[in-house]
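Visitor: Let me begin by handing over the structure; questions about it come next.
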Amino acid sequence: MKQDWKPGTMIYPLPAALVTCGSCEEEYNIITVAWVGTICTNPPMCYISVRPERHSYPILKKNMEFVINLTTKDMAFATDWCGVRSGKDYNKFKEMKLTPGKASMVQAPLIEESPLCIECRVKEIVALGSHHMFIADVVNVKADDKYLNTETGKFELARANLLVYAHGGYYELGEKIGKFGWSVEKKK
């Protein structure tokens, strides 16, 4: 039997992403975001949702650029820490020993330890209530070549031990059980 609950955000799991922002080293900040996702393939677009009272909010709004840095099991402590500490009180890069890297298309730094960094330019900010949604064009993706299969030329992101967030907890992904379209593939 199912119970009725008050409306809430129960769509899980989500990526536990570290979003970087700022146009100069003094302004650089990292914010942990789970309200993040793809919204369009062509053109490539994504979103992050951020509370206006967060330290990163005015930095994001001023620069209109950010980088979504996917996280791994090895980055779990830093991912949580960057979500519960404010950039107005800490230099999160230094405190968590994360390396700011140069993005190709935006001024915001990327995180060198991340297996995949998605450079974004904000198109629109939509005030939704507790969070404002930053709708952005994906202008570049930087992928760590250690996850590139040199035989097939494919990027194997699943090998990175990606971190996900589900209802207050961080988890690593489990075993692959299928691939897109496997349910309708013709049997040989």
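Visitor: Which distance in Å, rounded to a whole number, links the C-alpha centroids of region 1-63 and region 89-168?
Guide: Cα centroid of region 1-63 versus Cα centroid of region 89-168: 11 Å apart.
Visitor: So, one more: Return the lysines within reach of Lys142: Cα separation strictly under 17 angstrom, same-chain partners fewer than 8 residues apart disregarded; answer none if there are no such residues.
Guide: Filter leaves Lys102, Lys154.
Visitor: Please list, in chain and number order, the residues 5+ apart from Glu65 or on another chain whose amide H is under 5 Å from its amide H, with Hs placed from the backbone.
Guide: Those lying under 5 Å, H to H, from Glu65 are Val122.
Visitor: Using +1 on the beta carbon of Lys and Arg, -1 on that of Asp and Glu, and nothing else charged, what's the dipole of the chain about the Cα centre, debye to 20?
Guide: It comes to approximately 540 debye.
Visitor: List the lysines whose Cα lies under 18 Å from the Cα of Lys2, skipping any in the same chain that are fewer than 8 positions away.
Guide: none
Visitor: Please give the FRET efficiency for Leu157 paired with Met10, using the beta carbon to beta carbon distance and R0 = 30 Å, rounded to the nearest 0.05.
Guide: It comes to 0.70.
Visitor: If you take the square roots of the eigenvalues of the alpha-carbon gyration tensor of region 34-96 and sort them as a ≥ b ≥ c, do you get rounded (a/c under 1.5), prolate (a/b over b/c) or oblate?
Guide: Since a/c reaches 1.5 but b/c is at least a/b, the shape of region 34-96 is classed as oblate.
Visitor: Picking from Leu60, Met1, Thr41, whose Cα lies most toward the positive end of the charge dipole for the chain (charges on Cβ: Lys, Arg +1; Asp, Glu -1)?
Guide: Going by the charge dipole, the pick is Met1.
Visitor: How would you rank Phe66, Phe77, Phe93, going from fewest to most other Cβ atoms within 10 Å of each one's own Cβ?
Guide: Ascending number of Cβ neighbours within 10 Å: Phe77, Phe93, Phe66.
Visitor: Please arrange Ser114, Ser23 by counting, for each residue, the other beta carbons lying within 10 Å of its beta carbon, fewest first.
Guide: Ser23, Ser114
Visitor: Also: Is the shape of region 14-175 rounded, prolate or oblate, going by the alpha carbon gyration tensor and its root eigenvalues a ≥ b ≥ c, with a/c under 1.5 for rounded and a/b larger than b/c for prolate?
Guide: The shape class here is rounded.
Visitor: I would also like to ask the following. Longest exposed-loop-site-free stretch of the chain, with GluC sites (Glu not before Pro), DSSP loop and at most 12 other Cβ within 10 Å?
Guide: Counting at most 12 other Cβ atoms within 10 Å as exposed, the longest clean stretch of the chain is 54-150.
Visitor: Is it possible to state the helix-based mean residue ellipticity at 222 nm for the chain, with each DSSP H run of 4+ residues giving -39500 (n - 2.57), the sum divided by total residues, to the nearest 500 deg cm²/dmol? What is it?
Guide: Result for the chain, helices only: -3000 deg cm²/dmol.
Visitor: Give me the net charge of Glu95's neighbourhood, meaning all other residues with Cβ under 11 Å from the Cβ of Glu95; Lys, Arg count +1, Asp, Glu -1.
Guide: Net of charged neighbours comes to +3.
Visitor: When a footprinting reagent is the concern and you count Cβ atoms within 10 Å, what order do Asp80, Asp4 take, fewest first?
Guide: Asp4, Asp80
Visitor: Further question on the same structure: If amide hydrogens are placed 1.01 Å from N in the peptide plane, which non-local residues have theirs closer than 5 Å to the one on Thr72?
Guide: Amide H neighbours of Thr72, under 5 Å, 5+ apart: Leu163.
Visitor: Using a 7 Å offset from the Cα along the Cα-to-Cβ direction at both Met105 and Thr41, what is the distance between the two label points in nm, to one decimal?
Guide: 1.8 nm
Just so you know, all these numbers are worked out from the coordinates, no wet-lab data involved. Everything quoted here is computed from the prediction, not taken from an experiment. Please note: Cβ atoms are built from the backbone with ideal geometry, for glycine as well, and neighbour counts cover all protein chains shown.
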